[in-house]
1. For residues in segment 45-54 being over 14 Å from the mean Cα position of the chain (by Cα) and at pLDDT 95 or above, which is least open to solvent (accessible area, probe 1.4 Å)?
2. Filter segment 21-33 down to residues that are more than 16 Å from ALA92 (Cα to Cα) and not polar (S, T, N, Q) and give me whichever is modelled with the lowest pLDDT.
3. How about segment 102-121: which of its residues are under 21 Å from TRP186 (Cα atoms) and in contact with a strand residue (DSSP E or B) (Cβ under 6 Å, 6 or more places away or on another chain)?
4. Cβ-Cβ below 6 Å, separation at least six or inter-chain, first residue in segment 152-178 and in contact (Cβ under 8 Å) with a residue 60 or more places away in the chain, second of a type outside the set (A, V, I, L, M): which pairs?
5. If we scan segment 65-85, do we find a residue that is touching a residue at least 40 places away in the same chain (Cβ under 8 Å), aromatic (Phe, Trp, Tyr) and on the phi < 0 side of the Ramachandran plot?
6. Tell me the residue from THR6, THR17 that is in contact (Cβ under 8 Å) with a residue 60 or more places away in the chain, open to solvent by 30 Å² or more (accessible area, probe 1.4 Å) and polar (S, T, N, Q), please.
Amino acid sequence: MNTNITKIAVLVSGGGTNLQALIDAQERGELGNGKITLVLASKPDVYALERAKNHGIPSAVLARKDYPGIAEYSAMLADKLTEEGIDLVVLAGFLTIIDEQVYKRFPNRIINVHPALIPSFCGKGYYGLRVHEAALEKGVRVSGATVHIVTPECDAGPIILQKAVEVRQDDTPETLQKRIMVEAEWKLLPEAVRLFCDGRITVENQKVYIKGETT
């Protein structure tokens, strides 16, 4: 790992709101020694690429449709990230399935933000508005967001940070989604990246320990 700069790749598939939260944090000097050196999209013409361009961040497109299967795509993705000297991979609305080739190349170095309090409303099929629809159908009083380390099992990796967000009686999936983004996702993700880049995260027995944390 580069001792001077922790090179970060942000993987995207859409508008890139979480990417923007990371860019804003970086420009405020809040990512420690981390620097976003690559934004990689799973399809062309997504707005996240425009966000990268607007802030002078190198970007690339590795289109899923150009590869016959997950294995071929994952191999190319792992090679691309390795060639770029990436230290930390952040999944920010990256909706393309990848396999163990990537996880093995970057063990405990891939993180994701999920719009619920894992282990609730997570796993296969729980993404986007579906998460918030399920939370409202269940009638929960709080939801929130979780930043976790990515493992082959969907949404099952060690938890880094969580933050609860109030669920209101008049919420729709859209209003709950926005509140969780603003109050939790856009705060937790940059904080988790900073902790990683500052060397404060260790993983033991499927649990994350944060150096200097007493609670």
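1. ALA52
2. GLY32
3. Hits for segment 102-121 are ARG109, ILE110, ILE111, ASN112, VAL113, HIS114, PRO115, ALA116, LEU117, ILE118.
4. GLN177/HIS132
5. Scanning segment 65-85 turns up no residue that is touching a residue at least 40 places away in the same chain (Cβ under 8 Å), aromatic (Phe, Trp, Tyr) and on the phi < 0 side of the Ramachandran plot.
6. THR17
Residue-by-condition table, conditions (1) under 25 Å from ARG194 (Cβ atoms); (2) open to solvent by 10 Å² or more (accessible area, probe 1.4 Å):
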{"site": "ILE23", "(1), (2)": "yes, no"}
{"site": "PRO58", "(1), (2)": "yes, yes"}
{"site": "MET76", "(1), (2)": "no, yes"}
{"site": "GLU84", "(1), (2)": "yes, yes"}
{"site": "PHE106", "(1), (2)": "yes, no"}
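The values are calculated or read from the model by the stated rules, or taken from the named source; none is laboratory data. This structure is a prediction, so every number in the text was calculated from the model and none was measured. Every residue, glycine as well, gets a Cβ built from its backbone with ideal geometry; the counts of neighbours run over all protein chains shown. For the accessible areas, the whole protein counts, side chains as well, though only heavy atoms, and no ligand, DNA or RNA atoms are used. Shrake-Rupley method; radii C 1.70, N 1.55, O 1.52, S 1.80 Å.
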